[in-house]
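A.B. asks: Take a look at this one; I'll ask things after.
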Amino acid sequence: MKAIDNKELILALDELEKEKGIKKAYLLEAIDTALVTAYKRNFDSENVSIHMDEKTGATHVYSVKEVVEKVEDAKTQIAEADAKKIKRGAKVGDTVEEEIVPKDFGRIAAQTAKQVIVQKLREAERDIIFSEFNDRKGEIVSGIIQKADSNIVVMDLGKLEGVMPPKEQIPTEKYHVNDKIKGYVLDVERGAKGAPQVIVSRSNPDFVRKLLEFEIPEIYEGVIEIKSVSRDPGNRSKVAVYSPDPNIDPVGSCVGQKGVRIQNIINELNGEKIDVIEWNEDPSIYIVAALLPAKILAVDIKEEENFAQVIVPDDQLSLAIGKAGQNVRLAVKLTGWKIDIKSESQFRQMLENANNEETEEQETDENTQNE
């Protein structure tokens, strides 16, 4: 039987394997599957098996038939005697493949193969881009805003789109088409039709962390370590830094001469304030630093409860708590400790009340004993 020839196709598959890394065997398997579908769509829906020779490109079409004693459907069945002419030893219950050459199938095969190659090439390119950006999770990317509304911001990242959902946007920022902005790669997902889509964030605390790494060489090199970041996006961030080298001032290095280093990050965040404090393994010292710029009189630590009672001067209470509780809330996130702040007057009143209660209890006990 004469097969359908397509040597140019095989040459194209060889080139794709070399240039794009798409395995020829994978493409041939996909082509074979698509050819079966194309055959059934254009010819009688008999059982067929189609194989393309990986060396010559010859396409072989086989009618797959069941070996029976009595043929009732010539399209799907074959008599045992006839089956043995095709496959020696064939018996009832077996299946045999009889090669056929359907009219005009060469043209259909060529079109189908081309469609499959284009589709698989597109899928492969998407997979490559997906892998590339999937490896960039946790990095900062720059892009041009293509779309900006109340629901979503879409960025052109070059090879694909970056999407910034509302919760990943900074509430105080306004985004405009054609603006160039930076974002933190939060995740990479499969979007519509399998196209990769990058989820970008500007509100994530790790965006601040990465900006610090980018701006401050000592952090990038590991000389200074960022221990923790807490953030109220668009308003204020607190960053705890540490260096095992006693000769290095981690806070000073991050802030920079005349604040130039930290100012670059503040500018990127459109004015968001950043408090850089020094991390300390002593929770009392760490909590005092975390509550800056407020001055602290005393810290009472209860380690088993992970709780800290903080006493501040009366005129520092509102500063320690912060507007709408922002300062203490960020300190809690930064340190991981539950923090209760009391003014000096409040604390003295607490002690006085506690003493009064103790005195009353003692007097009650004495009266009971006298009776």
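The values are calculated or read from the model by the stated rules, or taken from the named source; none is laboratory data. As the structure is a computational prediction, the values presented were derived from the model and not from experiment. In this analysis, Cβ positions are derived from the backbone assuming ideal geometry, glycine residues included, and neighbour counts consider all displayed protein chains.
A.B. asks: Which condition number does residue 329 fail, the rest of (1) in contact (Cβ under 8 Å) with a residue 24 or more places away in the chain; (2) closer than 20 Å to residue 227 by Cβ; (3) part of a loop (DSSP other than H, G, I, E, B) being met?
C.D. replies: (3) is the only condition that residue 329 fails.
A.B. asks: Taking the conditions exactly as written (over 19 Å from residue 7 (Cα atoms), of a type outside the set (Lys, Arg) and in contact with a Phe, Trp or Tyr (Cβ under 9 Å, 6 or more places away or on another chain)), does residue 64 satisfy them or not?
C.D. replies: So residue 64 fails the test.
A.B. asks: Show me the strands (runs of 3 or more DSSP E) found entirely inside the range 259-326 where at least 2 residues are within 33 Å of the chain's Cα centre (by Cα) and crowded, with 17+ Cβ neighbours inside 10 Å.
C.D. replies: 273-278
A.B. asks: In the range 332-347, how many residues are in a strand (DSSP E or B) and either of a type outside the set (Ser, Thr, Tyr) or within 19 Å of residue 241 (Cα to Cα) (or both)?
C.D. replies: 5
A.B. asks: If you don't mind, another one. Just need a number here: residues in the range 157-190 that are among the polar types (S, T, N, Q) and over 15 Å from residue 202 (Cα atoms).
C.D. replies: The number of residues fulfilling the criteria is 1.
A.B. asks: Specify which of the listed residues (290, 320, 308) is touching a Phe, Trp or Tyr at 6+ places or on another chain (Cβ under 6 Å) and in the same structural domain as residue 333 (by TED's automatic domain parsing).
C.D. replies: Among 290, 320, 308, only 308 is touching a Phe, Trp or Tyr at 6+ places or on another chain (Cβ under 6 Å) and in the same structural domain as residue 333 (by TED's automatic domain parsing).
A.B. asks: Does at least one position in the range 227-237 carry a residue that is within 21 Å of residue 145 (Cβ to Cβ) and in contact with a Gly (Cβ under 9 Å, 6 or more places away or on another chain)?
C.D. replies: yes
A.B. asks: Mind telling me which of the residues 109, 113 ends up being outside the structural domain of residue 178 (by TED's automatic domain parsing), assigned to a helix (DSSP H, G or I), in contact (Cβ under 8 Å) with a residue 12 or more places away in the chain and in contact with a strand residue (DSSP E or B) (Cβ under 6 Å, 6 or more places away or on another chain)?
C.D. replies: Residue meeting the stated conditions: 109.
A.B. asks: Which pairs have Cβ atoms under 9 Å, sit 6 or more apart or on different chains, and link a residue in the range 76-104 that is assigned by TED's automatic domain parsing to the domain that holds residue 47 and part of a helix (DSSP H, G or I) to one that is basic (Lys, Arg) and exposed (fewer than 14 other Cβ atoms within 10 Å of the Cβ)?
C.D. replies: 80/91; 83/91; 84/91
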